[in-house]
Amino acid sequence: MITVLDRIVLEATQLPEVERLFRECYQPAAAERGLRLVSREISPPLMLAEAPLTLWQRWEVADVGAWWSMRAQSGTPAVAEFWQRIDALTISRERVYPGAHTASELPAPIGNASDVASLGYRETAQLRVREGSIDTLDAGLREVMALLPGAEHTALARNFAPEYAAGHLTWDLLYPDANTAGEAQKSTVWRQHIAPLLDQHCDAIHALAMDTVGAGLRAPGIANGVKRTAFFRLQPGVDADTAVCFERDLLAMPLHIPEIRNWRLSRASSAGWHHTDAAPWTWVWEQEFNDLDGLTGPYMIHPHHWAHIDRWFDPESGDQAIDVNLSHAFSAFGESLLALELIAPGH
């Protein structure tokens, strides 16, 4: 059983309306999502005029699987609108997940992984393919992409589960520098072969240039694994200090989750061949796993992920800074892309 605890600070005069909103507008739908109210308490236990009150609401969710199911249903306009109404009536709020009772029960970091530097320049893209075109586009790109002048490595992979912004194909292109990438896109191979293929078969192209924030190699020799490529965007109005805190938290994930074998967090900017009406992306977060089970199992159920990192994405947390509309793509690879472009300092 997972405990979900809301701490809401508010003036006493607002308490009746906040209680009504939770009772009438939140609890029924929350119960359908698997979030069951256990208790509601107020501290201090009296009506104050000279200081705010704190409303404590304790909820329960059956298990981690039920928790992710509940969270998957929270990124809706109705949920966002509810919390906006609550925010207008309160001073502050946060949602936390108490569980462990002693220090010995807390999962600890597994130790520091080596920081590494990135070599060269890379662009990564999510290709959203028109219905019935994936085989043609896949084959056409594979036929010519190795001929792209200046490209040190290219990797094209079919995503297991295409969804919003995460296209049908992930395409990575590694160059020695940005100028070489720009020249490659002026080349005959690009203009006469690649660009027509993309124009004809893609509904959207999320093509991003990457500037490394931090990266790590735990298994440079990994082969026949699974690569996750996630695109995130910062919400409007979020300050730079908060963005840095988010980056710090993401880069701590591998210290807690050993199934993340290699990783890279990059700030993103639109590449020259980016073609979509979607809002600009802020980051690319890549991780390599030994297999799909490492991603869908230990990675998803570790408390560092759902009880700590996810608060940045959760409109119910009080700490949300990242747009709920993200891109989450995962695909198989033969050899590690990250091992080709990352190197430990001094080597």
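The values are calculated or read from the model by the stated rules, or taken from the named source; none is laboratory data. Note that the coordinates shown come from a computational prediction; the quantities given were computed from them, not determined experimentally. Cβ placement follows ideal geometry from the backbone for every residue including glycine, while neighbour counts extend to all protein chains displayed. Note: areas computed on protein heavy atoms with side chains; ligands, DNA, RNA excluded. Shrake-Rupley method; radii C 1.70, N 1.55, O 1.52, S 1.80 Å.
Go through (1) buried (at least 17 other Cβ atoms within 10 Å of the Cβ); (2) over 18 Å from GLU286 (Cβ atoms); (3) small (Gly, Ala, Ser) for ALA178 and report which single condition fails.
Unmet condition: (1).
For region 114-122, check the following and say yes or no: at least one residue is within 26 Å of the chain's Cα centre (by Cα), over 19 Å from LEU21 (Cβ atoms), surrounded by 11 or more Cβ atoms within 10 Å (Cβ to Cβ) and modelled with pLDDT of 95 or more.
Within region 114-122, one or more residues are within 26 Å of the chain's Cα centre (by Cα), over 19 Å from LEU21 (Cβ atoms), surrounded by 11 or more Cβ atoms within 10 Å (Cβ to Cβ) and modelled with pLDDT of 95 or more.
How many residues does region 97-128 hold that are out of contact with any helix residue (DSSP H, G or I) (no Cβ under 8 Å at 6 or more places or on another chain) and in a strand (DSSP E or B)?
Selection size over region 97-128: 6.
Considering only region 144-160, I want to know if a residue exists there that is open to solvent by 20 Å² or more (accessible area, probe 1.4 Å), acidic (Asp, Glu) and more than 26 Å from VAL116 (Cα to Cα).
no
Tell me, please, whether a residue that is basic (Lys, Arg) and outside any loop (DSSP other than H, G, I, E, B) can be found in region 205-220.
no
What are the pairs, 6+ residues apart or on separate chains, where a residue within region 271-294 that is part of a loop (DSSP other than H, G, I, E, B) has its Cβ under 8 Å from a residue that is aromatic (Phe, Trp, Tyr)?
Filtered contacts from region 271-294: TRP281/PHE231; TRP281/PHE232; THR282/PHE232.
Please go through (1) modelled with pLDDT of 95 or more; (2) open to solvent by 30 Å² or more (accessible area, probe 1.4 Å); (3) farther than 21 Å from GLY120 by Cβ for ASP203 and return the number of the only condition it doesn't satisfy.
Single failed check for ASP203: (1).
Kindly indicate the residue of region 123-165 that is at pLDDT 95 or above and among the small types (Gly, Ala, Ser) and also nearest to GLY225 (Cα to Cα) among those meeting that condition.
ALA157
Which residue, of ALA108, ALA155, ALA146, is among the aliphatic types (A, V, I, L, M) and touching a Phe, Trp or Tyr at 6+ places or on another chain (Cβ under 9 Å)?
Residue meeting the stated conditions: ALA155.
Return yes when ASP135 is open to solvent by 20 Å² or more (accessible area, probe 1.4 Å) and either part of a helix (DSSP H, G or I) or within 28 Å of THR296 (Cβ to Cβ) (or both) and no when it is not.
It is true that ASP135 is open to solvent by 20 Å² or more (accessible area, probe 1.4 Å) and either part of a helix (DSSP H, G or I) or within 28 Å of THR296 (Cβ to Cβ) (or both).
If I go through region 16-47 residue by residue, how many of them are open to solvent by less than 50 Å² (accessible area, probe 1.4 Å), out of contact with any Ser or Thr (no Cβ under 7 Å at 6 or more places or on another chain) and among the hydrophobic types (A, V, I, L, M, F, W, C)?
5
Hey, can you tell me all the residues within region 244-262 that are open to solvent by less than 30 Å² (accessible area, probe 1.4 Å) and in contact with a strand residue (DSSP E or B) (Cβ under 6 Å, 6 or more places away or on another chain)?
Listed by number, the residues that qualify are GLU247, LEU250, PRO254, ILE260, ASN262.
Which residue is modelled with the lowest pLDDT, if the candidates are limited to region 49-81 and must be open to solvent by 40 Å² or more (accessible area, probe 1.4 Å) and among the hydrophobic types (A, V, I, L, M, F, W, C)?
Ranking the qualifying residues of region 49-81, first place goes to ALA49.
Quick check: is even one residue across region 83-98 without any contact (Cβ under 8 Å) to a residue 24 or more places away in the chain, open to solvent by less than 70 Å² (accessible area, probe 1.4 Å) and under 30 Å from LEU265 (Cα atoms)?
Looking through region 83-98, none of the residues is without any contact (Cβ under 8 Å) to a residue 24 or more places away in the chain, open to solvent by less than 70 Å² (accessible area, probe 1.4 Å) and under 30 Å from LEU265 (Cα atoms).
Which condition does ASN325 not pass, out of (1) modelled with pLDDT under 95; (2) open to solvent by less than 50 Å² (accessible area, probe 1.4 Å), if it passes all the others?
Looking at each condition in turn, ASN325 falls short on (2).
Would you say LYS227 is on the phi < 0 side of the Ramachandran plot and over 18 Å from the mean Cα position of the chain (by Cα)?
no
Which numbered condition in (1) farther than 16 Å from GLN320 by Cβ; (2) within 23 Å of the chain's Cα centre (by Cα); (3) hydroxyl-bearing (Ser, Thr, Tyr) is the only one that SER39 fails?
Unmet for SER39, out of (1) farther than 16 Å from GLN320 by Cβ; (2) within 23 Å of the chain's Cα centre (by Cα); (3) hydroxyl-bearing (Ser, Thr, Tyr): (2).
If you check GLU335 against the conditions, is it of a type in the set (D, E, K, R) and either open to solvent by 10 Å² or more (accessible area, probe 1.4 Å) or more than 16 Å from the chain's Cα centre (by Cα) (or both)?
Judged against the criteria, GLU335 is a match.
Of (1) of a type in the set (A, V, I, L, M); (2) within 20 Å of GLY334 (Cα to Cα); (3) part of a helix (DSSP H, G or I), LEU198 satisfies all except one. Which?
Failing condition for LEU198: (2).
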